[in-house]
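These notes concern the structure reproduced below.
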Amino acid sequence: MEGETKHNIDKLVDDLKHAVKLEASTETETENKCPDIVQILDSVVNVSKTSIGETTELLIDEVFLMLLEHKSKQIVAKTAKAIAEIAKTERGREKCTSVELIRALIGLLKEKDIDVLTQTSRALGNICYENENGKRLVKEEDGLKVILTVLKNGIALKNSEGASFLRNVAAGFLLNFLVDQESLHKKALEEDTVPIICSVLEEDGTNGGEAAMHALLTLGILNDANIVFLDERLTKILVNILTSDTSSELSEMCLELLHEKAKLLLAKAGVCELLLKLLEKHGPQCNDEETRSILKVACNLIVLILTGDDSMNFLYDNSKGPVYRKLVEWLESDDEDLQITAVLAMGNFARTDTHCKYMVEQGIHRELLKLLQKNDSKSGDIRCQHALLSALRNLVIPADNKSLILADGLIDVLYPMLDIPTFPVVFKLLGTLRIVIDGQREAAVSLGRREDLIERAVEWCSIENHPGVQGEANRLIAWLINNSRDRQIALSIIKYGAVQHLVNMLLAQHSLMQNEAILGLTILTRICPAESEELLIAADFGRNMREFFETRTDNLDIHIILNALSLLNSVVQSDQLKEHLKSCELASTCKNLCSKENENNSTELRTRVSALCAALGTSFD
């Protein structure tokens with residue numbers, strides 16, 4: 001196939017040369033009498049999409065340079081398009097990286113024809129992608145100024161046909177050109193790159209298109225270089241994009257640009273106080289779509305400012321800040337948007353243990369529980385459910401708060417939400433339940449003895465398309481057994497198939513989860529040794545333990561390794577499991593641990609490995 005492709009490309013280039021010579025030898029005054037050239041260029045485009053491989057011998061020679069100077073704008077654009085397709089591959093980019101070609105393409109960016117500008121920008125943008133030599137040649141042709149001029153032309157065209165695509169490819173060209181070009185960052189600011197990008201975002205920022213993505217990524221490059229460029233205009237643009245909520249990726253990039261210093265400046269400037277007053281004054285009159293949209297922008301900006309640690313602390317002001325106090329009042333607002341703003345704000349204020357303790361003393365959690373009771377079903381407002389659970393999850397983190405919030409009925413309020421199918425809500429629900437039972441045996445027993453919860457949690461352990469829910473479900477199972485140490489709960493966990501998930505969790509990416517699985521299996525096998533042994537063997541427990549020791553222990557804290565050895569020394573009391581562990585060659589794997597660990601830990605480690613080897617009938621020495 002590759003040989004056939006090479007032949008096709010070579011033949012097409014030969015046909016192109018022939019067509020150009022034929023046209024040159026023919027007397028014609030009509031610009032568009034060159035259908036053969038157009039057709040051949042279209043074929044080059046189609047073949048190039050799948051064919052420029054490592055062994056392709058295609059040469060970007062004088063025929064392409066001649067066609068870039070053709071009197072037909074259609075042919076010039078088609079030629080640039082062919083080069084753009086060729087330059088999509090690494091090999092193709094190498095073939096396009098020549099002084100003559102890049103100089104010719106840069107020259108075309110001074111044209112006015114929109115198709116020529118678009119395809120030429122595509123070609124140069126693709127050539128610059130991860131291509132240091134290509135970027136160097138563009139830089140030598142004063143490429144930055146030329147790109148920015150093209151972007152300005154695209155902005156001036158506003159909604160004209162093809163203008164949006166031109167802005168997209170020109171912004172992509174700028175992005176590819178500036179990546180890893182630290183020497184150009186200062187010049188980019190001097191050439192008014194940021195105001196130009198602002199204009200692109202004003203045109204395309206709220207439609208979720210690629211032009212906005214390219215523009216924000218370019219700002220991200222400057223931001224990562226610690227260049228300060230955020231101003232009032234850009235802040236407004238970023239807030240508008242966040243408000244439009246067209247893309248989570250765009251929202252994330254906007255938040256990264258609205259860095260800590262900007263949020264603190266906004267907080268200290270009294271922006272939140274001003275917005276709160278305006279919202280209270282004009283909120284009741286915001287009944288149509290347009291005014292309600294403006295109200296939401298203001299609400300989102302308040303929450304956005306609170307996402308910064310410094311700005312949040314400033315506005316909280318030891319629970320005495322006027323912004324904090326007003327937002328607490330809004331928890332009882334009749335206006336849905338103001339109320340959800342208050343809930344989101346509470347979640348942000350509850351980001352330190354000190355704040356959480358004060359807020360629970362003030363009874364904030366009771367207001368949140370009341371609201372959650374009204375939104376505890378599938379038909380509830382998802383955004384409100386997510387915000388309420390986020391806030392409650394933060395509030396139950398301090399140990400002193402757990403019993404107080406449990407006493408006010410947290411589990412009974414959360415329990416009906418098990419039927420909600422929305423994964424972001426489920427993720428917060430599972431996390432809240434897991435955290436609140438930590439060190440609370442009575443609550444862990446109460447929760448774990450509800451078999452439908454165990455059954456549902458085990459189902460979520462298998463959710464492949466939401467790793468967050470999958471991880472939290474696995475952790476909840478482990479925390480239920482670790483905190484309850486209850487035989488009835490252990491039997492339910494066994495009954496609904498959670499043993500397999502706990503064994504899989506031994507190989508989790510995070511050491512915290514690995515240790516939780518180890519402790520969970522240790523308690524489970526001690527409470528229900530007979531009931532769990534066959535399931536452990538079926539789950540390939542020995543193989544996972546061996547892989548854990550071989551691949552996960554180099555950077556682990558010694559206490560996790562010792563916990564794992566304690567688990568093995570416990571289960572090896574079972575004859576069936578002893579044979580299973582022998583067949584997996586656990587003893588030799590564990591002996592290798594002693595050579596890895598440092599002197600401080602060697603005594604305890606050697607003692608446990610020695611005990612395991614003895615139990616497995618293997619010499620330790």
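Could you list, in sequence order, all residues of segment 199-213 that are over 15 Å from V150 (Cα atoms), part of a helix (DSSP H, G or I) and open to solvent by less than 40 Å² (accessible area, probe 1.4 Å)?
Of everything in segment 199-213, those that are over 15 Å from V150 (Cα atoms), part of a helix (DSSP H, G or I) and open to solvent by less than 40 Å² (accessible area, probe 1.4 Å) turn out to be L201, D204, G205, A212.
Does E367 satisfy the condition of being over 25 Å from E455 (Cβ atoms), in a helix (DSSP H, G or I) and open to solvent by 20 Å² or more (accessible area, probe 1.4 Å)?
Judged against the criteria, E367 is a match.
In segment 175-185, which residue that is touching a residue at least 40 places away in the same chain (Cβ under 8 Å) and part of a helix (DSSP H, G or I) is most open to solvent (accessible area, probe 1.4 Å)?
E182
Identify, please: which residue in segment 318-362 is open to solvent by 80 Å² or more (accessible area, probe 1.4 Å) and not in a helix (DSSP H, G or I) and is, among those, farthest from L404 (Cα to Cα)?
Result: D334.
Is at least one residue of segment 147-157 of a type in the set (A, V, I, L, M, F, W, C), within 17 Å of E111 (Cα to Cα) and either out of contact with any helix residue (DSSP H, G or I) (no Cβ under 6 Å at 6 or more places or on another chain) or without any contact (Cβ under 8 Å) to a residue 40 or more places away in the chain (or both)?
Yes, there is a match, as at least one residue in segment 147-157 is of a type in the set (A, V, I, L, M, F, W, C), within 17 Å of E111 (Cα to Cα) and either out of contact with any helix residue (DSSP H, G or I) (no Cβ under 6 Å at 6 or more places or on another chain) or without any contact (Cβ under 8 Å) to a residue 40 or more places away in the chain (or both).
Of the residues L279, L257, L275, L234, which single one is under 17 Å from the mean Cα position of the chain (by Cα) and open to solvent by less than 30 Å² (accessible area, probe 1.4 Å)?
Of L279, L257, L275, L234, the one residue that is under 17 Å from the mean Cα position of the chain (by Cα) and open to solvent by less than 30 Å² (accessible area, probe 1.4 Å) is L257.
A quick yes/no check of all residues on (1) over 30 Å from P424 (Cα atoms); (2) part of a helix (DSSP H, G or I); (3) of a type in the set (G, A, S):
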position	(1), (2), (3)
H501	no, yes, no
I518	no, yes, no
A530	yes, yes, yes
E547	yes, yes, no
L565	yes, yes, no
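Quick test of your reading of the structure: Q470 fulfils all but one of (1) open to solvent by 10 Å² or more (accessible area, probe 1.4 Å); (2) assigned to a helix (DSSP H, G or I); (3) over 20 Å from T432 (Cα atoms). Name the failing condition by number.
(3)
Of everything in segment 431-459 that's within 15 Å of G409 (Cβ to Cβ) and assigned to a helix (DSSP H, G or I), which residue is most open to solvent (accessible area, probe 1.4 Å)?
E442
To keep it simple, each residue is scored yes or no on (1) modelled with pLDDT of 95 or more; (2) crowded, with 19+ Cβ neighbours inside 10 Å; (3) charged (D, E, K, R); (4) closer than 27 Å to P467 by Cβ.
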{"residue": "I382", "(1), (2), (3), (4)": "no, no, no, yes"}
{"residue": "S390", "(1), (2), (3), (4)": "yes, yes, no, yes"}
{"residue": "R393", "(1), (2), (3), (4)": "yes, yes, yes, yes"}
{"residue": "I405", "(1), (2), (3), (4)": "yes, yes, no, no"}
{"residue": "P424", "(1), (2), (3), (4)": "no, no, no, yes"}
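The values are calculated or read from the model by the stated rules, or taken from the named source; none is laboratory data. Since we're looking at a predicted model, the values are computed, not measured. All Cβ positions, glycine included, derive from the backbone under ideal geometry; neighbour counts span all protein chains shown. Please note that ligands, DNA and RNA were not included when accessible areas were found on the heavy atoms of the full protein model with its side chains. Shrake-Rupley method; radii C 1.70, N 1.55, O 1.52, S 1.80 Å.
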